[in-house]
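In what follows, a single structure is set out as C-alpha cells and then discussed.
Read-outs throughout are calculated quantities, based only on the coordinates presented, and are distinct from any laboratory measurement. Because the structure is a prediction, the values reported are computed rather than measured. Using ideal geometry, Cβ is built from the backbone for each residue, glycine included, and neighbour counts are taken over all protein chains shown.
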C-alpha cells in the first residue's frame with residue numbers, strides 16, 4: 001500500500017523513459033482532502049541547464065483548506081520559468097461530499113466539465129484560488 005498524507009497535493013507527469021521523451025508533458029495535481037489546512041509545493045524548470053540560477057524556475061506553493069462541505073486551494077508562484085502547458089488537471093481524492101459547484105478565480109466553473117467518474121477537471125495553470133463546494 002501507499003500512504004498519502006491527508007491534504008497533500010501531489011504533482012504527476014506522464015511516464016517517460018527519459019527527460020524530454022514527451023515534449024511539454026501535462027501536469028496532473030492529485031489533491032487529497034483534509035479537514036483542516038495543509039501546504040504543498042511544486043518545483044519546475046527546463047531540466048536542461050543552469051537557468052534556475054537566473055531565476056528561470058517555477059516554485060508553486062499550494063495552500064489547501066478543507067471544511068465539512070468545501071475545499072479551497074490557493075496557488076502562489078515564484079520564479080520566471082513559464083511552463084509550456086496551459087492547463088493543469090486537478091484530480092480530487094477522498095472527498096467526503098459530492099461536488100455541487102466549483103469556482104476558479106471567482107468565476108463559476110461548468111460542472112459539465114467535471115468528470116464525475118474520477119473527480120477530475122482542467123484548470124488554468126495560473127489559477128490563484130479554486131473553491132469546491134459540496135452538498
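State whether the range 1-64 is rounded, prolate or oblate according to the following rule on the C-alpha gyration tensor (a ≥ b ≥ c being the square roots of its eigenvalues): a/c under 1.5 gives rounded; otherwise a/b larger than b/c gives prolate, and the remaining case gives oblate.
oblate
Post the alpha-carbon centroid distance, the range 74-135 to the range 1-35, in whole angstrom.
15 Å
May I ask you to derive the relative contact order of the chain, considering only C-alpha pairs under 8 Å and at least 6 residues apart, and to give it as an integer percent?
23 percent
For the range 31-79, just say rounded, prolate or oblate: build the C-alpha gyration tensor, square-root its eigenvalues into a ≥ b ≥ c, call rounded for a/c under 1.5, and beyond that prolate if a/b exceeds b/c, oblate if not.
In terms of gyration-tensor shape, prolate.
Residue separation times 0.36 nm, minus the C-alpha to C-alpha distance between residue 80 and residue 19: what's the value?
Between residue 80 and residue 19, full extension yields 19.9 nm more.
Shape verdict for the chain, please, from the Cα gyration tensor: rounded (a/c under 1.5), prolate (a/b greater than b/c) or oblate.
Values: a/c = 1.78, a/b = 1.72, b/c = 1.03.
Cα axes put the chain in the prolate bin.
Would you list 18, 85 from fewest to most Cβ contacts within 10 Å?
Sorted ascending by nearby Cβ count, the order is 18, 85.
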